[in-house]
1. Using a basic spin-label model with each label point 7 Å from the Cα along Cα→Cβ, how many nm lie between GLU78 and VAL31?
2. Counting other beta carbons within 10 Å of each residue's own, what order do ARG77, ARG4 fall into, fewest first?
3. Can you check what the net charge comes to around ASN38, using other residues whose Cβ is under 11 Å from the Cβ of ASN38 (Lys, Arg +1; Asp, Glu -1)?
4. According to a simple spin-label model (label point 7 Å from Cα along Cα-to-Cβ), what is the distance in nm between GLU51 and HIS10?
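Values in this text are rule-based calculations from the coordinates and carry no lab data. What you see is a predicted model, and the numbers here were worked out from it, not measured in a lab. Cβ sites come from the backbone with ideal geometry, for glycine too, and all protein chains shown count toward neighbours.
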Amino acid sequence: REERDGEAIHAYKQALILSPKFAKAWFNLGVLQGKLGNPQEKLRSYRKAVEADHNFGEAWHNLGVMYNAFGKAEEGREAFDRARKLLNPKLRVAESIEFKSATTPDGAPDRPTAAPPP
């Protein structure tokens, strides 16, 4: 099994030489590196995946897991927030409706964003 995983890692690395913005390859490489016990390379691969595709929700989620594993709670929270928004279409629609209802047609807030002074 490890031999096949090693071969797959080699194949992904070759593909990434030809197409360094291939986000799914970076993601899959991270998964395999995790299986083989390479957490630093796993983290690096997930970073590369989200750099290649900023809207890759699963990669943001896995990046959040890795940040937390390395004790980087703030980065983990930010990655999870991004993943949650990308992976939950209902949340995206609700946020869009909320934004539109709180703004005028030109995008300016139609109500105060802070309480008036006493």
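1. It is 2.7 nm.
2. Values: ARG77 13, ARG4 9.
So the ranking, lowest neighbour count to highest, is ARG4, ARG77.
3. Taking every other residue near ASN38 into account, the sum is +1.
4. Here the modelled spin labels are 2.6 nm apart.
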